[in-house]
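Heads up: the structure comes next, in structure tokens.
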Amino acid sequence: MSQRARLALTALVGGLAALALPAGPAPRAVYLGSYVWNEPAPEFGGFSGLEIDAEGTGFTTVSDRGTLWTGRLLRDAGGRIVGVSDVDGPGRLRDSKGKRLKGRTADAEGLAVARDGTRYISFEGIHRVARYPKGRDVAELMPRPEAFKAMQLNSSLEALAIDGEGTLYTLPERSGATDRPFPVYRFRNGAWDQPFSIPRDGAWLAVGADFGPDGRLYLLERDFWGLLGFLTRVRVFDLRGDRLEGGEVLVQTGASRHDNLEGIAVWRDAGGAIRLTLISDDNQRFFQRTEFVEYRLTD
């Protein structure tokens, strides 16, 4: 393709992306900025799960190659991300027998960290959630309900979150049909149940989740429009025992605004505002990027 043709195609794609979404009520999250993260390690990339500490600097992320990374986000005077330091990775996840995860067993997607430092990681190659005690890379087995085994290949447990009481919640990326809600699975007292579902909205897929300091459940969703790129949406819900309420849209972008955002961490900044920090899965492709993206709620 000639340079002129390439530029014309880029302009066309950009123009279409700008028109990707119809006008509607303005979501109440303000975009703060993005930072592209690079590391020379060959295993770098493919990040899907994210946790941020209460100060908004220390982070942990997992990749679909079965690796775990930690580091610190550097921020300017305005609190925007300007760099990454103190990177420790790749930490290689292992199964309950101490063997390094490879192939389908290594596809880590969701991450949730308990107050005692225990890490819970969801996988979609072999659909499961595993427990990793603080400071250990060897998994402890958790129950695996029959419903997990029947989930779609490469479309299962991408979203994982833990509430203030230590209860885990997870849901599949796909529900099986565009008019079928996402079943939400809950782990407490050593057992899984399925107390409620989240309504599905067309082609939007569930790819990340986190409980904020306000106790609300934030759901990250993604759509994909081929050459036009990825679209991002964040909805927020309130849990009332075995009921789920709400579903307000906080963020909704047009195509190509961001890369393939799959991980979300929700925290409160020094000014008291809720922030959404997101990370992208670059699928380890040269034409994609690993980026941190941040939004701040306006009230």
Point to revise | For the chain: relative contact order, % (alpha-carbon pairs under 8 angstrom, 6 or more apart) | key: 19
Revision key, fill the gap. Ranking Ile198, Trp267, Leu168 by how far each Cα lies towards the positive end of the charge dipole of the range 160-269 (+1 on Lys and Arg Cβ, -1 on Asp and Glu Cβ), the top one is Ile198
Check your understanding: Shape of the chain from its Cα gyration tensor (a ≥ b ≥ c, root eigenvalues): rounded if a/c is under 1.5, otherwise prolate when a/b > b/c, or oblate?
Key -> rounded
Study note, to complete from the structure: Share of accessible surface on carbon and sulfur in the range 76-211, whole %, 1.4 Å probe and ligands ignored, is 45
Point to revise | Part-to-part distance (alpha-carbon centres) for the range 144-194 and the range 216-277, which is given in Å | key: 18
Study note, to complete from the structure: For the range 76-211, the dipole about the Cα centre with charges only on Cβ (Lys and Arg +1, Asp and Glu -1), to the nearest 20 debye, works out at 640
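Ignoring ligands, DNA and RNA, please state the percent of accessible area on the range 245-299 from carbon and sulfur, probe 1.4 Å.
Details: 940 of 2080 Å².
Exposed carbon and sulfur together represent 45 percent of the surface.
Just the number please: accessible area per residue for the range 47-144, 1.4 Å probe, all protein chains included, in Å².
Values: 4440 Å² over 98 residues.
About 45 Å² of surface per residue is accessible.
Taking R0 as 35 Å, what's the FRET efficiency between Asp299 and Ala191 from their Cβ-Cβ distance, rounded to 0.05? List each step's numbers first, then the result.
Working: r = 38 Å, r/R0 = 1.10.
Using R0 = 35 Å, I get an efficiency of 0.35.
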Exercise for review: Of the options Phe286, Ala130, Thr70, report the single residue whose Cα projects farthest towards the positive end of the charge dipole of the chain (beta-carbon charges: Lys, Arg +1; Asp, Glu -1).
Suggested key: Phe286
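What 222 nm value per residue comes from the helices of the chain, counting each DSSP H run with n ≥ 4 as -39,500 (n - 2.57) and dividing by all residues, nearest 500 deg cm²/dmol? Numbers along the way, then the final one.
Numbers: 2 runs with 20 residues, N = 299.
-2000 deg cm²/dmol, from helical runs alone.
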Practice item. Hey, can you find the accessible area per residue of the range 158-220 for me, probe 1.4 Å, expressed in square angstrom? Key: 37
Point to revise | More than 19 Å apart - percent of Cα-Cα pairs taken over the range 85-143 | key: 23
Revision key, fill the gap. Mean-square fluctuation maximum in Gaussian network of the chain, Cα pairs under 10 Å, restricted to Leu157, Leu278, Leu244, hits Leu244
Practice item. Counting only C-alpha contacts under 8 Å and six or more residues apart, can you give the relative contact order of the range 108-189 as a whole percent? Key: 24
Review point. Could you list, bin by bin from short to long, the percent of Cα-Cα pairs of the range 119-196 in 5 Å steps?
Key: 3, 15, 26, 27, 17, 7, 3, 1, 0
Review point. Of Leu239, Leu68, Leu250, which has the largest mean-square fluctuation in a 10 Å C-alpha GNM of the chain?
Key: Leu239
Check your understanding: Which is farthest toward the positive dipole end of the range 173-299 among Pro213, Leu297, Val251, measuring Cα position about the Cα centre, with Cβ charges +1 (Lys, Arg) and -1 (Asp, Glu)?
Key -> Pro213
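Only loop residues by DSSP count here, and only those with at most 11 other Cβ atoms within 10 Å; note down the GluC sites (Glu not before Pro) in the range 143-198 that meet that.
Details: sites: Glu146, Glu158, Glu165, Glu173; in loops: Glu158, Glu165, Glu173.
Counting only loop positions with at most 11 other Cβ atoms within 10 Å, the GluC sites (Glu not before Pro) in the range 143-198 are Glu165.
Is there a quick way to get the dipole size of the range 136-188? I mean about its Cα centre, with the Cβ of Lys and Arg at +1 and of Asp and Glu at -1; what is the value in debye to the nearest 20?
On the way: 7 positive and 8 negative charges, 33 e Å.
In total the dipole reaches around 160 debye.
Between Thr105 and Arg285, what is 0.36 nm times their sequence separation minus the Cα-Cα distance? Round to one decimal in nm. The partial results should precede the final answer.
Numbers: separation 180, 0.36 × 180 = 64.80 nm, distance 2.10 nm.
Here the answer is 62.7 nm.
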Study note, to complete from the structure: Percent relative contact order for the range 223-269, counting Cα pairs under 8 Å at least six residues apart, stands at 39
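Full extension from Asn154 to Thr178: what is 0.36 nm times the residue separation minus their Cα-Cα distance, to one decimal in nm? Numbers along the way, then the final one.
Numbers: separation 24, 0.36 × 24 = 8.64 nm, distance 1.68 nm.
Between Asn154 and Thr178, full extension yields 7.0 nm more.
The values are calculated or read from the model by the stated rules, or taken from the named source; none is laboratory data. Not measured: the values here are computed from a predicted model. For neighbour counting, all protein chains shown are included, and Cβ atoms are generated from backbone atoms with ideal geometry for every residue, glycine included. The protein model used for the area step is the full one, side chains on, heavy atoms only, and it has no ligands, DNA or RNA in it. Shrake-Rupley method; radii C 1.70, N 1.55, O 1.52, S 1.80 Å.
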